Amino acid sequence: MNFSPKPQYARWFMIISSLVITTLILWNVLLFFEQLKESERSKMEIFAAAQKALAETGDILPKGKDARQLDASLSNLYLLIVSRNNTIPTLDYDIEDEVYMPLNIPNGDVLSQEELAQLAQEYSLANEPIDIVWDGVKSNTIYYGNSSIIDQLKYFPIALLLIVVLFIAIIYFYYLTSKSSAQNLLWAGMAKETAHQIGTPLSSLVGWTEILKTEDVNPDYIKEMVKDIDRLETITDRFSKIGSIPDLVEVDIIEETRVTFDYLENRSSKLIKFSIDLPEGELPVMLNKQLYGWTIENMFKNAIDAMKGKGDLTVVITRDANYAKVLISDTGKGIPKNKFNSIFEPGFTTKKRGWGLGLSLARRIIEEYHDGRIGVLKSEIDKGTTMQIQLKLVNDA
């Protein structure tokens, strides 16, 4: 396995590059937005100048046929400029008559002068009004708002900012996932190496056991040694499977649960009262025996710890149409409802010397490897907890 930190350089380069590119895009959008507003300001100034010129045309031009032709041409030009304003909402305020004349305002014709005055005040906050001055006297004031394009674009930077935040969140999640993946590889590598290291003395113990069988040794001693060796082989097999996709075979979950139950009952404190309630017949499911046994052991040990070595531990197996359910109950201190999910997180433990890996490993074995479900079914403080494992039955069950 490769635990080299080199891939982290590429990851950080990608993160920084993405942030720089996103920042440049946001900056350019803001510049474009300001340029668009300035363009509309220029259009409104031309609009105001055209209105003023249209009214002054007859006064500023000389009389005569050529003058009338020029007057008509300029009037058409000014009218064209005025008529082209069909996107910017505008209020032309006639100071002398104190009247607002709406243009490009939805339902502007039915609005009262008071409502138009209020709208003009709103426009003045968005854009500076343009005054039309004739002979040194201000005759009109043009108030204008933002076109529908700008109104839509003004939310674009916010949307883009949200996209940036989401993008950063995705990168952060990716970083955490990559970090977690690297840690998982490390743990898997350590587990496999542990299994390999145990294998050497284990093989030697098997050989010594065979030699002792030929000596004058109490057979009961050898029998117990063989049990412990088998146990070590099971543990070695479990560790060797960490980080690999285990093989699943069709087995009876009732029998597999009973085997682990009997083993732990015989090796636990007599202050723990074990009881098991099993249905008749078989409940075939797809299992990896070693990993399932490991899960049951972890749950039993957590239950015993919760009872502080004294209490009742009950196992009940039931079924419904599609699933086999294993319920493990204790009479321990219970689990607060807000901790039902936390207890399965890696590192979560209430023990002073605990690693917080037992239930985390159990969830991974059941949910990731066996496509099942594991969780707290119910719990009451100082009364006990019931945990449930749910596995899909084989189709022909």
> Residue check: is Gly243 modelled with pLDDT under 75 and either among the hydrophobic types (A, V, I, L, M, F, W, C) or out of contact with any Asp or Glu (no Cβ under 9 Å at 6 or more places or on another chain) (or both)?
Replying inline: yes
> Is it true that some residue in region 252-267 is open to solvent by less than 40 Å² (accessible area, probe 1.4 Å), under 19 Å from Leu359 (Cα atoms), outside any helix (DSSP H, G or I) and of a type outside the set (Val, Ile, Thr)?
Replying inline: no
> Can you name the residue in region 14-39 that is of a type in the set (Phe, Trp, Tyr) and modelled with pLDDT of 75 or more and is also most open to solvent (accessible area, probe 1.4 Å) among such residues?
Replying inline: Trp27
>> Go through (1) touching a Lys or Arg at 6+ places or on another chain (Cβ under 7 Å); (2) in a helix (DSSP H, G or I) for Tyr292 and report which single condition fails.
In response: (1)
> So Asp216 clears everything in (1) open to solvent by 90 Å² or more (accessible area, probe 1.4 Å); (2) at pLDDT 70 or above; (3) part of a helix (DSSP H, G or I) except one condition, right? Which one?
Replying inline: (3)
>> Name the single residue that is farthest from the chain's Cα centre (by Cα) among those in region 294-310 being surrounded by fewer than 17 Cβ atoms within 10 Å (Cβ to Cβ) and under 13 Å from Gly384 (Cα atoms).
In response: Lys310
>> Looking at the structure I just gave you, is Val316 part of a strand (DSSP E or B) and open to solvent by less than 10 Å² (accessible area, probe 1.4 Å)?
In response: no
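To keep it simple, each residue is scored yes or no on (1) at pLDDT below 85; (2) over 23 Å from the mean Cα position of the chain (by Cα); (3) surrounded by fewer than 16 Cβ atoms within 10 Å (Cβ to Cβ).
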| position | (1), (2), (3) |
| --- | --- |
| Glu345 | yes, no, yes |
| Thr349 | yes, yes, no |
| Lys352 | yes, yes, yes |
| Trp355 | yes, yes, yes |
| Ile366 | no, no, no |
| His370 | no, yes, no |
| Ile374 | no, no, no |
| Ser379 | no, yes, no |
| Thr385 | no, yes, no |
> If you check Leu291, Leu327, Leu287, which single one turns out to be modelled with pLDDT of 90 or more, in contact with a His (Cβ under 9 Å, 6 or more places away or on another chain) and open to solvent by less than 40 Å² (accessible area, probe 1.4 Å)?
Replying inline: Leu287
>> Please go through region 85-96 and give me each residue that is without any contact (Cβ under 8 Å) to a residue 24 or more places away in the chain and surrounded by 10 or more Cβ atoms within 10 Å (Cβ to Cβ), ordered by number.
In response: none
>> Can you pull out every residue in region 320-334 that is farther than 29 Å from Asp382 by Cα, in a loop (DSSP other than H, G, I, E, B) and either touching a helix residue (DSSP H, G or I) at 6+ places or on another chain (Cβ under 9 Å) or not hydrophobic (A, V, I, L, M, F, W, C) (or both)?
In response: Asp320, Asn322
> Going by the structure shown, is Tyr143 modelled with pLDDT of 80 or more and open to solvent by less than 90 Å² (accessible area, probe 1.4 Å)?
Replying inline: yes
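The values are calculated or read from the model by the stated rules, or taken from the named source; none is laboratory data. In this text, all values refer to a predicted model and were calculated from it rather than measured experimentally. Glycine also receives a Cβ, built like all others from the backbone with ideal geometry; neighbour counts cover every protein chain displayed. Areas reflect the complete protein model, heavy atoms only, side chains present, ligands, DNA and RNA absent. Shrake-Rupley method; radii C 1.70, N 1.55, O 1.52, S 1.80 Å.
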